[in-house]
């Protein structure tokens, strides 16, 4: 289901405004860990998508698309952290976790 949710993410061009793992657009927040962040989670994601915000338009996702997108975000959230401050660029141009946390 997470892979189908990724297709929903891509079909609505979410990455144009939002990041995953600090990669993507900069108009909206990074959503890598939105599901597990206190006072956020799946219900907030659903509400923001349905109603929009000042900067984000409302989207008319079907219930099925919404469920798939939430599963994708849950899977992404479970895979690690997105805070760029925990990573550094090595001499090969790749990112590595900082040893000091």
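The values are calculated or read from the model by the stated rules, or taken from the named source; none is laboratory data. Because the structure is a prediction, the values reported are computed rather than measured. Don't worry about glycine lacking a Cβ; one is built from the backbone with ideal geometry, like all the others, and counts go over all protein chains shown.
Observations on the model:
- Region 19-33, residues that are touching a residue at least 24 places away in the same chain (Cβ under 8 Å) and closer than 19 Å to residue 87 by Cα: 19, 20, 21, 22, 30, 31, 32, 33
- Residue tally, condition touching a strand residue (DSSP E or B) at 6+ places or on another chain (Cβ under 7 Å), in a loop (DSSP other than H, G, I, E, B) and either within 19 Å of residue 66 (Cβ to Cβ) or modelled with pLDDT of 95 or more (or both), over region 6-31: 2
- Looking only at residues of region 33-57 that are under 12 Å from residue 14 (Cα atoms) and in a loop (DSSP other than H, G, I, E, B), we find that the one that is farthest from the chain's Cα centre (by Cα) is 57.
- Taken over region 9-36, residues that are surrounded by fewer than 16 Cβ atoms within 10 Å (Cβ to Cβ) and closer than 12 Å to residue 73 by Cα amount to 1.
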